[in-house]
Amino acid sequence: MRVVVASGKGGTGKTLVAANLAAVVSGSREVVLVDCDVEEPNLHLFFPSETKTLPVLADVPVFDQLRCDHCGECARTCQYGAIVVLPQKNLFFPEMCHGCGGCEITCPQGAISMRKREVGRVEFSRPRCHLTLISGVLNEREVAAPRVIREALLYAGGHPLVICDAPPGTACPLVETLEGADYCVLVTEPTPFGLHDLSLAAGVADVLGVPAGVVINRSMGEDGMVREFCRSKNIPVLWTIPFDRRIAELANDGKLLADGVPGIRELFLGLFAKVSGRGEPGA
Amino acid sequence: MVMIICITSKGPKSFDLVEERFGRSPYFLFRDTGKDDFEPVANKFADAAGGVGPRAAQVLVDRGAKVLITGNVGGNALSVIQAAGIEVFRYRDGGSVEDAFQKYQKGLLEKMA
Ligand code: SF4
Ligand code: SF4
């Protein structure tokens, strides 16, 4: 089963829920936790541990200046504006290149060949005895977030229990993370902004056919708007985390809650029971 | 000296307003300083998903423009334009292409690059 913890925007406690859920569940079974927030991965802050790293490579063209006659075919072929041909030289913008190889095929002079370039990396660690952490990290100024996410998920593929911390927003990176998942936990705050982002993220899950449930963080009690929304969309509210200074402090320090908040372990286990009851394929 | 000037424009005519965005400009109006009228070229990348700046810059390079008058040029497009030796002048007065051209000829526009 693969569970994605998402929120539509950052700062709602999504990472807090993903980290603690994985930590608590790993008390009794093997868990792979994947940080798909590749532009700002921070799950590792909760699990300091030695890491091993593999690069994420993308294909980019190299130009043979001796063969190139600056005909401009490659620039006309590239849909991403990564090549501009000047009368005397070619300009290439690696961070715009999608590695499709179209320019190589199209060049009449055979002046283009593809080579590998590092756009990010995947870091592996084993911070607890039943927990593996896989973090996707996008290099600075790169745009290929979905590619790094895909690669991080690839290493977790086929594992019986995978928990993913989704990237914020509702664009391609979230789609890449959610696609093919068995369940989506949407973490939200009971504010108008929170509700707006929740509805967008819930929309993405719906389009991708991933069943979803809501966790309300920093609840002030009633949470009328969020509950109303969930009722109208037929999305269950799985759990409500009350506003609690200790939770906020521990989370700020990058500490796990189970060690400092009595009774919270059982609550996370309860959340997991609900999620696995709904998300287990065939359940 | 005769040279080719390009002005980003919201429409195909010289009385249309100058478009301040470069890559997403709907039209490029080219004018040969030796001639009296503008030649409009529709920007087919105006609504493209990405890479609009460099692709638009390629259009200028292909037409041999030496001067660009626009509101603003993004990083990648700017490096193309600099590498191609095209001068950029900023126009933000909200007027027509003709107005921008007149001000350029009088030396009233600020040079960006
Ligand atoms: S298509 Fe080949 S020959 Fe033509 S400009 Fe590109 S690299 Fe040069
Ligand atoms: S590989 Fe594809 S995206 Fe990259 S420069 Fe060539 S045509 Fe453009």
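The values are calculated or read from the model by the stated rules, or taken from the named source; none is laboratory data. All of these numbers come straight from a predicted model, not from anything done at the bench. In this analysis, Cβ positions are derived from the backbone assuming ideal geometry, glycine residues included, and neighbour counts consider all displayed protein chains. Side chains included, ligands, DNA and RNA excluded: accessible areas come from the protein's heavy atoms. Shrake-Rupley method; radii C 1.70, N 1.55, O 1.52, S 1.80 Å.
Worth pointing out:
- Electrostatic tally near A:Pro262: other residues with Cβ closer than 12 Å to its Cβ, Lys and Arg +1, Asp and Glu -1, net -1.
- Of A:Lys233/B:Lys10; A:Lys116/B:Lys10; A:Lys89/B:Lys111; A:Lys89/B:Lys106; B:Lys13/B:Lys106, pairs whose Cα-Cα distance is over 32 Å: A:Lys233/B:Lys10; A:Lys116/B:Lys10; A:Lys89/B:Lys106
- Net +/- balance of residues flanking A:Asp64 in space, Cβ distance below 15 Å, scoring K and R +1, D and E -1: 0
- Dimensions in Å of segment A:149-208 - Rg and Dmax from alpha carbons: 12.3, 38
- The translational diffusion coefficient of segment A:120-223, from Stokes-Einstein at 20 °C and 1.002 mPa s with a Kirkwood hydrodynamic radius over alpha carbon pairs, comes to 141 µm²/s.
- A simple packing score, the average count of other Cβ atoms within 10 Å per residue, orders the peptides A:220-226, A:11-17 as A:11-17, A:220-226, with the highest score first.
- Relative to the longest principal axis of the Cα atoms of chain A, helix A:14-25 runs at roughly 70 degrees.
- Cβ-based net charge around B:Gln58, under 14 Å, with every Lys or Arg adding one and every Asp or Glu removing one: +3
- Label-to-label distance, B:Glu39 versus A:Lys255, with points set 7 angstrom from Cα along the beta-carbon direction: 7.2 nm.
- The phi torsions of segment A:188-196, fed into the Karplus equation with coefficients 6.51, -1.76 and 1.60 and a -60° offset, translate into couplings of 9, 10, x, 10, x, 5, x, 5, 4 Hz, rounded to whole numbers, with Gly and Pro shown as x.
- Listing of segment A:54-89 residues, each with accessible area lower by at least 20 Å² in the full protein assembly than in the chain alone (probe 1.4 Å): A:Gln79, A:Gly81, A:Val84, A:Val85, A:Leu86
- Degrees, to the nearest 10: A:145-156 long Cα axis against longest axis of chain A: 60
- Cα gyration tensor category, rounded, prolate or oblate, for segment B:4-111 with a/c compared to 1.5: rounded
- With the convex hull of its Cα atoms as the shape, the protein assembly as shown has an orientation-averaged projected area of 24.5 nm².
- The label-point distance for B:Asp99 and A:Asp206, in a model that sets each label 7 Å from Cα toward Cβ, rounds to 4.6 nm.
- Report note on the peptides A:249-256, A:121-128: ranked by the mean count of other C-beta atoms within 10 Å, highest first, their order is A:121-128, A:249-256.
- Cα-based shape type of segment A:65-110, given that a ≥ b ≥ c are square roots of the gyration tensor eigenvalues and the cut on a/c is 1.5: oblate
- FRET efficiency for the pair A:Lys116 and A:Leu269, taken as 1/(1 + (r/R0)^6) with r the Cβ-Cβ distance and R0 = 56 Å, rounds to 0.80.
- In this calculation the C-beta distance from B:Glu110 to A:Thr77 is compared with R0 = 51 Å, giving a FRET efficiency of 0.90.
- Averaged over the residues of B:66-78, the number of partner chain Cβ atoms lying within 10 Å of the residue Cβ comes to 1.
- When the alpha carbon gyration tensor of segment A:1-145 is reduced to an equivalent ellipsoid, its three semi-axes come out at 43, 15, 11 angstrom, largest first.
- Label-zone membership for segment B:37-79, site A:Ala171, 7 angstrom Cα→C-beta point, backbone N under 14 Å: B:49-52
- Helix A:224-233 and the longest principal axis of the C-alpha atoms of chain A enclose an angle of approximately 70°.
- Shape analysis of segment B:58-113 based on the Cα gyration tensor places the equivalent ellipsoid semi-axes at 20, 12, 10 Å, largest first.
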